[in-house]
Amino acid sequence: MNVFTALESNVRSYCRGWPAVFDKARGSRIADENGKSYLDFFAGAGTLNYGHNNPILKEELLAYLGGDGVTHGLDMATTAKRAFLETINEKLLAPRGLAYKVMFPGPTGSNAVEAALKLARKVTGRQTIVSFTNSFHGMSLGSLAVTGNGAKRAGAGVPLTNSMPMPFDRYLDENEPDFQWFEQMVLDEGSGLDHPAGVIVETVQGEGGVNVARKEWLQGLANVCRENDIPLIVDDIQMGCGRTGAFFSFEDAGITPDIVTVSKSISGYGLPLALTLFRPEYDVWEPGEHNGTFRGNNPAFVTATAALNTYWSDDVLEKQTRSHGERVETALKHICVEHDARTRGRGLVQGLEFAEPDRAGQVARTAFRKGLLIETAGPQDQVVKLLPPLTTTAEELDEGLDILRSAVEETEE
Ligand code: PMP
């Protein structure tokens with residue numbers, strides 16, 4: 001049977017975009033079954049911040065499995081879980097002055113978002129969640145209801161309720177952020193809308209096309225939420241775990257969300273793990289109110305603990321991510337001088353937006369032929385999104401950027 005007939009599905013597009021059967025991967029490179037090697041600047045859409053099969057994490061994982069460590073423990077206490085909780089508190093939360101409770105909502109990012117939405121509604125006793133146009137928060141019903149993308153929402157078949165999408169892009173310009181719109185549209189009694197149960201935001205919209213919220217805008221949003229007693233949820237599933245430089249993408253803005261969702265790179269090894277972090281006073285769950293079979297993945301706890309110990313005990317990776325981000329930004333700016341494109345990003349999430357329809361797709365397909373995996377994003381898929389592993393070397397970055405530049409040149413009309 002043709003392998004693509006076996007693999008292809010209408011809900012996933014990666015195997016159509018990348019007609020290869022992948023076999024092995026290490027660091028920033030992945031190889032297909034014929035041995036052709038690709039630089040991977042897609043990195044599992046931000047899941048492989050420490051590269052494929054990171055050797056330090058692999059050693060810990062193999063040792064754990066070799067010693068018959070518990071692999072599945074439902075919600076039971078295990079030594080792997082305890083080590084993870086101690087490490088996340090000591091290495092990550094305490095040094096940042098964050099006193100979040102750590103909840104395991106289920107294996108994926110959508111599970112973390114669902115738990116966050118349920119919690120905000122339960123804590124406030126209100127229903128409506130404010131989200132933003134072009135946001136992406138997941139495919140399950142609740143997370144889709146706060147996703148600001150019509151094509152993805154259409155997958156629900158019927159209108160989605162209890163969400164209120166607000167424009168995101170309009171408020172990102174250089175003007176002083178102004179939240180009068182929020183007060184008029186959301187809070188004014190004349191609006192006829194209920195007081196919101198929460199606001200959910202990505203500091204950089206990943207799937208939405210690398211739309212970067214300014215620091216001042218995030219601060220304004222945090223203020224308006226605080227003043228009006230509305231829980232602020234930061235969805236850090238794609239932008240967290242160091243993608244923008246600091247571990248949490250909201251740190252640079254100096255804000256403290258009430259709830260944070262984390263997944264993708266938290267296990268550091270591509271193993272499913274998701275967290276919903278929340279203020280301790282929000283712990284209103286009764287036992288069993290949010291449970292699930294796979295909500296504590298012990299092998300993932302092992303690699304996550306190793307990742308926190310290895311990369312977040314000092315600021316080496318954070319600094320490297322910021323300087324590598326500047327390197328990528330400079331290269332993209334050069335491309336923009338010669339081609340009809342715009343660039344934007346933070347740290348190691350950078351986007352290149354094309355005015356011409358389907359140009360980003362052509363660039364991604366051409367780059368694939370030349371040995372570079374990159375994804376497109378944005379409502380019209382008009383943005384090439386670069387998400388290299390944070391551990392990518394400067395030489396590898398330059399190699400990938402050279403391929404990107406030649407793919408842009410080749411697709412010039
Ligand atoms: N939130 C954001 C910001 C995401 O980028 C994603 C995944 N792309 C999700 C939520 C959903 O995560 P998952 O696919 O693991 O359910």
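Among the residues of the range 81-105, those identified as touching a strand residue (DSSP E or B) at 6+ places or on another chain (Cβ under 9 Å), over 20 Å from Ala197 (Cβ atoms), more than 16 Å from the ligand (Cβ to nearest atom) and open to solvent by less than 40 Å² (accessible area, probe 1.4 Å) are Phe84, Ile88, Leu93, Leu98, Val102.
Of these, Tyr311, Tyr269, Tyr282, which one is open to solvent by 10 Å² or more (accessible area, probe 1.4 Å), within 27 Å of Gly400 (Cβ to Cβ), more than 16 Å from the ligand (Cβ to nearest atom) and not acidic (Asp, Glu)? Break it down stepwise before answering.
Numbers: Tyr269 fails: more than 16 Å from the ligand (Cβ to nearest atom); Tyr282 fails: within 27 Å of Gly400 (Cβ to Cβ).
Going through Tyr311, Tyr269, Tyr282 in turn, just one is open to solvent by 10 Å² or more (accessible area, probe 1.4 Å), within 27 Å of Gly400 (Cβ to Cβ), more than 16 Å from the ligand (Cβ to nearest atom) and not acidic (Asp, Glu): Tyr311.
With the structure loaded, tell me whether Gly245 is open to solvent by less than 50 Å² (accessible area, probe 1.4 Å) and under 20 Å from Gly109 (Cα atoms) or whether it fails that test.
Criteria not met by Gly245.
Any residue that is open to solvent by 50 Å² or more (accessible area, probe 1.4 Å), among the β-branched types (Val, Ile, Thr) and within 16 Å of the ligand (Cβ to nearest atom) - is there at least one of those in the range 159-168? Scanning the range 159-168, I find no residue that is open to solvent by 50 Å² or more (accessible area, probe 1.4 Å), among the β-branched types (Val, Ile, Thr) and within 16 Å of the ligand (Cβ to nearest atom), so the answer is no.
Give the range 373-387 a look and list any residue that's assigned to a strand (DSSP E or B) and either open to solvent by less than 30 Å² (accessible area, probe 1.4 Å) or farther than 24 Å from Phe22 by Cα (or both), or say none. Listed by number, the residues that qualify are Leu373, Glu375, Ala377, Val383, Val384, Lys385, Leu386.
With Val328, Val363 as the choices, which residue is of a type outside the set (Ser, Thr, Tyr), touching a residue at least 12 places away in the same chain (Cβ under 8 Å) and over 22 Å from Thr244 (Cα atoms)? After applying the criteria, what remains is Val363.
Here Thr108 meets the list (1) open to solvent by 50 Å² or more (accessible area, probe 1.4 Å); (2) modelled with pLDDT under 90; (3) within 16 Å of the ligand (Cβ to nearest atom) almost entirely, failing just condition (2). Applying the criterion of being open to solvent by less than 80 Å² (accessible area, probe 1.4 Å) and among the basic types (Lys, Arg) to the residues of the range 335-360, the residue that is nearest to Gly245 (Cα to Cα) is Arg346.
Considering the range 189-213 alone, what residues qualify as being surrounded by fewer than 16 Cβ atoms within 10 Å (Cβ to Cβ) and either touching a residue at least 40 places away in the same chain (Cβ under 8 Å) or farther than 14 Å from Val130 by Cβ (or both)? First the steps, then the outcome.
If we filter the range 189-213 for residues that are surrounded by fewer than 16 Cβ atoms within 10 Å (Cβ to Cβ), which is where we start, we get 189-195.
Answer for the range 189-213, where residues must be surrounded by fewer than 16 Cβ atoms within 10 Å (Cβ to Cβ) and either touching a residue at least 40 places away in the same chain (Cβ under 8 Å) or farther than 14 Å from Val130 by Cβ (or both): Glu189, Gly190, Gly192, Leu193, Asp194, His195.
Does Thr303 count as β-branched (Val, Ile, Thr), open to solvent by less than 20 Å² (accessible area, probe 1.4 Å) and either within 30 Å of Pro95 (Cα to Cα) or assigned to a loop (DSSP other than H, G, I, E, B) (or both)? Yes: the conditions hold for Thr303.
Touching a residue at least 12 places away in the same chain (Cβ under 8 Å) and touching a Lys or Arg at 6+ places or on another chain (Cβ under 6 Å): does that describe Ala151? No; evaluated as a whole, the condition is false for this residue. Cβ-Cβ contacts under 9 Å between residues 6 or more apart (or on different chains), taken from a first residue in the range 117-143 that is more than 19 Å from Val262 (Cβ to Cβ) to a second residue that is within 14 Å of the ligand (Cβ to nearest atom) and part of a helix (DSSP H, G or I), are listed as Leu141/Glu114.
The selection criterion, being out of contact with any His (no Cβ under 9 Å at 6 or more places or on another chain) and farther than 24 Å from Leu187 by Cβ, does not hold for Ala120.
Scanning the range 118-132 for residues that are over 17 Å from the mean Cα position of the chain (by Cα) and either within 16 Å of the ligand (Cβ to nearest atom) or closer than 28 Å to Val212 by Cβ (or both) turns up Lys118, Leu119, Ala120, Thr128, Ile129, Val130.
Taken over the range 249-282, the criterion of being farther than 15 Å from Glu202 by Cα and in a helix (DSSP H, G or I) is satisfied by Ser265, Ile266, Pro280, Glu281, Tyr282. A Cβ distance below 8 Å, combined with a sequence gap of six or more or placement on separate chains, defines the contacts here; from the range 225-245, residues that are away from the ligand (no atom under 12 Å from the Cβ) reach residues that are in a loop (DSSP other than H, G, I, E, B) and acidic (Asp, Glu) in the pairs Cys225/Asp258; Pro231/Asp258; Leu232/Asp258. No other residue among Leu404, Leu332, Leu397, Leu390 is surrounded by 19 or more Cβ atoms within 10 Å (Cβ to Cβ), of a type in the set (A, V, I, L, M, F, W, C) and part of a loop (DSSP other than H, G, I, E, B) apart from Leu390. Annotation: of all residues in the range 24-43 being open to solvent by less than 30 Å² (accessible area, probe 1.4 Å) and among the small types (Gly, Ala, Ser), the one that is nearest to the ligand (Cβ to nearest atom) is Ala43.
The values are calculated or read from the model by the stated rules, or taken from the named source; none is laboratory data. Bear in mind the structure is a predicted one, so any value in this text is a computation, not a measurement. Cβ atoms come from the backbone with ideal geometry, glycine included; neighbour counts cover every protein chain shown. Keep in mind that these areas ignore ligands, DNA and RNA; they rest on the heavy atoms of the full protein, side chains included. Shrake-Rupley method; radii C 1.70, N 1.55, O 1.52, S 1.80 Å.
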